[in-house]
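Notes for the one structure printed next.
Derivation of every value follows stated rules applied to the coordinates shown; laboratory data play no part. Since this is a predicted model, take the numbers as computed values, not measurements. Heads up, the Cβs are rebuilt from the backbone with ideal geometry, glycines too, and the neighbour counts pull from every protein chain shown.
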Amino acid sequence: MKSIKIKGSERESVGKKATKALRNAGQVPCVIYGGEKPLHFSADELAFRDLVYTPAAHTVKVDLGTGKVKAIMQDIQFHPVTDKILHIDFYQLFDDKEVTMNIPVRLEGNAPGVKAGGRLLFRKRKLTIKALPDNLPDYFDIDISKLRIGDNITVESLLKDEFTILHPETTVVVQVKTQRTAVAIDDDEDLEGEEGEATEAAAAEGGESQE
């Protein structure tokens, strides 16, 4: 998984007044949990651009000057009006300790079932997994180029030894369902075929009776 580098300044836990001053200076107050004690730091808001404003999942390497800490983002708070980042919580990673993380799903290809009039339903855009940090995937890439109407792809087909997917194996990730309009069109075509056959049969009977 791609790791984003963030340079921050370690700080003691600060009060509301000091926190407001940091934000006014363009800094984002952060805290890293999961270690021996919480680590408080701040970093320039622009440093989080590639971490926050992307659908991809990333780990981060926070350079605090006194040392580097590997972590993942756990929670983020935005200002309700300006959407500026107010605070970010991170969770420290250890190479020998599994972590739980949401991994985005990407679809590849075009489903034949959609071209045939079906509707693509993307049920799970993210999957929660548990794995060692080095085994965390960037994405789940799913090929939908063979999905016909009525087909689906479930969690079972995505299982690997490197991680545990925390959803039932029968969980549907993506599927192609029949559109109601498509069903109506099929019924009309069948009806027209039956009427055509009936008309031909009547004409044949009429011809025989005339003879």
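Please work out how much length the chain gains when fully extended from THR128 to ILE76, using 0.36 nm per residue of separation minus the C-alpha to C-alpha distance, in nm with one decimal.
16.9 nm
For segment 46-112, count all C-alpha to C-alpha pairs, find those more than 18 Å apart, and express that count as a whole percent of the total.
Here the tail beyond 18 Å accounts for 51 percent of pairs.
Please work out how much length the chain gains when fully extended from ASP143 to THR171, using 0.36 nm per residue of separation minus the C-alpha to C-alpha distance, in nm with one decimal.
8.4 nm
Under the definition of Cα pairs under 8 Å and six or more residues apart, what whole-number percent is the relative contact order of segment 39-96?
Relative contact order, segment 39-96: 24 percent.
Using a Förster radius of 35 Å, what is the FRET efficiency between ASP96 and LYS17 based on their Cβ-Cβ separation? Nearest 0.05, please.
The formula returns an efficiency of 0.30 here.
Ratio of alpha-carbon Rg to the 2.2 N^0.38 Å globular estimate for segment 57-184, to two decimals, please.
Taking the Cα Rg and dividing by 2.2 N^0.38 Å, one obtains 1.37.
Taking Cα centroids, how far is segment 1-50 from segment 70-146 in Å?
With segment 1-50 and segment 70-146 each reduced to a Cα centre, they are spaced 23 Å.
At 0.36 nm per residue, and after removing the present C-alpha to C-alpha distance, how many nm does the segment from ALA25 to GLN179 gain when stretched out fully?
Length gained, ALA25 through GLN179: 50.1 nm.
Using the Cβ atoms and a cut-off under 10 Å, what net charge is assigned to the surroundings of HIS87, where Lys and Arg are +1 and Asp and Glu are -1?
In short, -1.
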